[in-house]
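Have a look at the structure below, then the notes.
Computed from the coordinates by the stated procedures, all read-outs in this text should not be read as laboratory data. These numbers were taken from a predicted model, which means no experiment stands behind them. Using ideal geometry, Cβ is built from the backbone for each residue, glycine included, and neighbour counts are taken over all protein chains shown.
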Amino acid sequence: MRNVGQLVSARLLPQVGRPSQYVGLEINRRCGNAQTAEVSVALAFPDTYAIGISHLGSQVLYRTLNDLPGVACDRAYCPLPDAEAVLRAEAIPLFGWESRCALGDFDVLGFSLPYELCVTNVLTMLDLSGVPLRSAERGEGHPLVVGGDALADSPE
């Protein structure tokens, strides 16, 4: 797995207006070592950190998955426009907040789909991660992309 932590610290954080939301040093964080785990999972919330960190469903999944032996679960959020521009300009892939590993390198990329307005952010996050938008274009080197939450109950 590619660790982009140095790129984030050197190139992203100095150029964004609210760098603290990209640091990932919350109290009670539990991410295991995504590089050595049998299965690495990134829970992706397709909205900003400020909105996603308080999502109870994501918190429950995060804790439950990290309690499983051999599983490392990290979190990711959709960057604000200034950070998105820097990630694209500097060719830094979107990353897990705790591990700093590129999202495209995880085994599973799980999206929460809580409301309609965040659906386009899923596409942005996949693109920033280097994961093809269409499942037919993904291969062995890409994560399994799954989705759940309120919008997954009635897809159309």
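Take the Cβ-Cβ distance between R138 and Q6 as r, set R0 to 30 Å, and report the resulting FRET efficiency rounded to the nearest 0.05.
Efficiency computed from Cβ-Cβ geometry: 0.60.
For the range 49-119, what log10 I(q)/I(0) values come out of the Debye formula at q = 0.17, 0.21, 0.24 1/Å, with one point per alpha carbon and no solvent? Relative scattering, expressed as log10 I(q)/I(0), comes to -0.72, -1.06, -1.28. Gain on full extension, evaluated as 0.36 nm per residue between Y115 and L56 minus their Cα-Cα distance, stands at 19.8 nm. For the peptides 91-98, 55-62, the ranking by packing is 91-98, 55-62, with the highest mean count of neighbouring Cβ atoms within 10 Å listed first.
A Förster radius of 22 Å combined with the Cβ-Cβ distance from A89 to T36 puts the calculated FRET efficiency at roughly 0.10. All C-alpha to C-alpha distances of the chain, sorted into 10 Å bins beginning at zero, yield P(r) values of 11, 44, 38, 7, 0 percent in whole numbers.
Which of the trypsin sites (Lys or Arg not before Pro) across the range 96-152 are loop residues per DSSP, with 16 or fewer other Cβ within 10 Å?
Passing both the DSSP loop test and the Cβ count: R134, R138.
Just for the chain, what percent of DSSP beta bridges are antiparallel, to the closest 5? Within the chain, antiparallel bridges account for around 10 percent of the total. Dipole check for the chain: with +1 at the C-beta of Lys and Arg, -1 at the C-beta of Asp and Glu, and the Cα centre as origin, the magnitude is about 460 Debye.
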